[in-house]
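Values quoted throughout were computed directly from the atomic coordinates according to the rules given, and no laboratory measurement underlies them. Please read these numbers as outputs of a predicted model, since none were measured by experiment. In this analysis, Cβ positions are derived from the backbone assuming ideal geometry, glycine residues included, and neighbour counts consider all displayed protein chains.
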Amino acid sequence: TQLQRIKREVWIMKYGSITTGIIADGLVFNIDAANRASTIPSSATTKAFNTLDTSISGSFVNDTIYDSSTIPPSYAFDGTADYIEITNLNVLNGLSTCTFSCWGKKTASNKDLVVGAGTAETNSIYILWYLNGYVYFGTRATGATGFNINKNFAGDINNFHNFVGVYDQGIASLYINGILETGPTSGGPSALGSNIDETLKIGRLGNVTSYDTTGNIGPVHIYNRALSANEVLHNYNALKGRFGL
């Protein structure tokens with residue numbers, strides 16, 4: 001109906017759509033609770049979809065919920081075996097350049113905020129690991145020399161922040177809220193290992209229960225290329241208004 005169409009248009013203007021203004025070139029994965037193409041806004045939602053390929057979807061595990069109480073809506077995790085699992089991502093193996101981005105907030109200072117690929121602690125990429133006052137970006141892949149960069153970050157809890165890891169042929173960079181904080185740092189492999197497990201978990205790293213998120217995660221973006229500093233800042237500026245920044 002016309003009323004439904006108007007409501008949807010207002011919702012999209014407020015929370016964003018597929019065309020949120022972020023860089024599109026190289027974007028291969030986009031899950032966003034505030035995007036109607038990604039998640040149906042209902043507490044009964046048990047799936048989240050990659051808006052670029054809806055055949056790639058994530059299942060809600062345990063008490064993971066679509067949280068409409070946050071602005072914008074997000075995915076909520078209680079720190080006890082909650083996560084979203086995407087088993088058919090198929091975009092990570094062997095990449096020599098890539099970019100990972102996540103918006104999230106912790107709701108307990110001593111807990112994690114995690115997005116990681118892999119079902120085990122090894123053969124994995126921790127796209128984002130915010131733990132004990134540090135933000136980490138790196139791999140624990142046995143099929144390739146691992147790398148790890150980190151930055152001390154005393155960001156306030158209960159507020160969203162944007163974390164971005166950029167990997168460019170063995171050189172890694174870490175951005176927080178659009179600003180380069182660590183890197184470029186060399187020493188990693190020229191490409192991610194061919195045996196990277198492409199099971200992406202939003203809210204957990206691998207099967208390690210001690211790395212469970214207590215907090216909320218909003219948009220998660222993966223690019224198959226390394227974004228420039230200007231592009232990272234562009235994406236931050238495109239979405240920061242949604243988070244009151």
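Give, in nm to one decimal, the length gained when the segment between Asn62 and Lys47 is fully stretched (0.36 nm per residue of separation minus the Cα-Cα distance).
Working: separation 15, 0.36 × 15 = 5.40 nm, distance 1.23 nm.
Between Asn62 and Lys47, full extension yields an extra 4.2 nm.
Amide H neighbours of Val28 under 5 Å, at least 5 residues apart or on other chains, H built in the peptide plane: list them.
Under 5 Å from the amide H of Val28: Ile222, Tyr223, Asn224.
Can you give the FRET efficiency for Asn148 and Arg36, using 1/(1 + (r/R0)^6), R0 = 30 Å, r = Cβ-Cβ distance, to the nearest 0.05?
Working: r = 37 Å, r/R0 = 1.22.
Calculated value: 0.25.
Apply 1/(1 + (r/R0)^6) to the Cβ-Cβ distance of Ser228 and Ile157, taking R0 = 45 Å, and write down the FRET efficiency to the nearest 0.05. Mind dumping the intermediate values first?
On the way: r = 30 Å, r/R0 = 0.67.
Calculated transfer efficiency: 0.90.
Multiply the residue gap between Thr80 and Ser186 by 0.36 nm, knock off their C-alpha separation, and tell me the result in nm, one decimal place. Walk me through the numbers before you get to the answer.
Working: separation 106, 0.36 × 106 = 38.16 nm, distance 3.54 nm.
Once the chain is fully extended between Thr80 and Ser186, it gains 34.6 nm.
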